[in-house]
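Chemist: Dropping a structure here in structure tokens format, bear with me for questions.
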Amino acid sequence: MPPRSSPLLLVLALVALAAGGWLLLASDQEPPPPPVAPVAAPDPTPQASPEESGNLATIRAETDPARALQLANDGHYQFPQGGLYPDREVIAIRSLLRLQRQDEAKGRAQRFLQRFPAHPQAPLVRRMAGL
């Protein structure tokens with residue numbers, strides 16, 4: 001005759017099976033991802049390279065408006081996406097005014113203000129070009 005099992009042993013066996021199944025289910029789940037550190041938003045204004053900064057210093061030092069205009073235009077060509085593009089353009093506009101080329105200066109000033117309406121030198125450009 002087989003030995004009789006007590007109801008307590010049967011309950012303990014069922015609890016052990018249930019716990020083992022729970023552990024298997026829990027181990028199939030992936031752990032939550034680690035917290036992500038906030039990332040700073042990229043600077044919308046491109047940074048100037050040392051070469052571009054040197055180019056602007058040369059332009060600012062130029063006293064001949066025709067030469068300053070040529071250097072500003074050359075700088076635009078060399079650094080089309082540079083961070084100092086607006087600064088060179090202000091110098092170009094001022095140079096055009098000094099050369100009595102008001103219509104050209106006004107056109108460039110209007111384009112400057114469309115492209116860089118919040119630039120710190122926008123009020124100066126408006127005054128220079130009479131806008």
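Chemist: Hey, can you tell me all the residues within segment 57-67 that are modelled with pLDDT of 85 or more and either in contact with a Lys or Arg (Cβ under 8 Å, 6 or more places away or on another chain) or of a type in the set (Ser, Thr, Tyr) (or both)?
Modeler: The one that is modelled with pLDDT of 85 or more and either in contact with a Lys or Arg (Cβ under 8 Å, 6 or more places away or on another chain) or of a type in the set (Ser, Thr, Tyr) (or both): Pro65.
Chemist: Related question: What number of residues within segment 55-81 satisfy the criterion of being surrounded by fewer than 18 Cβ atoms within 10 Å (Cβ to Cβ) and in a helix (DSSP H, G or I)?
Modeler: 12
Chemist: Counting just the residues of segment 91-111 that are surrounded by 14 or more Cβ atoms within 10 Å (Cβ to Cβ) and out of contact with any helix residue (DSSP H, G or I) (no Cβ under 6 Å at 6 or more places or on another chain), which one comes out farthest from Leu131 (Cα to Cα)?
Modeler: Arg101
Chemist: Restricting attention to segment 96-131, which residues are among the hydrophobic types (A, V, I, L, M, F, W, C), touching a residue at least 24 places away in the same chain (Cβ under 8 Å) and part of a helix (DSSP H, G or I)?
Modeler: Across segment 96-131, the qualifying residues are Leu96, Leu97, Ala105, Phe112, Leu124, Val125, Met128, Ala129.
Chemist: Given (1) hydroxyl-bearing (Ser, Thr, Tyr); (2) surrounded by 13 or more Cβ atoms within 10 Å (Cβ to Cβ); (3) at pLDDT 80 or above, identify the lone condition not met by Ser49.
Modeler: All conditions are met except number (3).
The values are calculated or read from the model by the stated rules, or taken from the named source; none is laboratory data. Small disclaimer: the values here were computed from a predicted structure and weren't measured. When we count neighbours, we look across all protein chains shown, and the Cβ atoms used for this are built from the backbone with ideal geometry, even at glycine.
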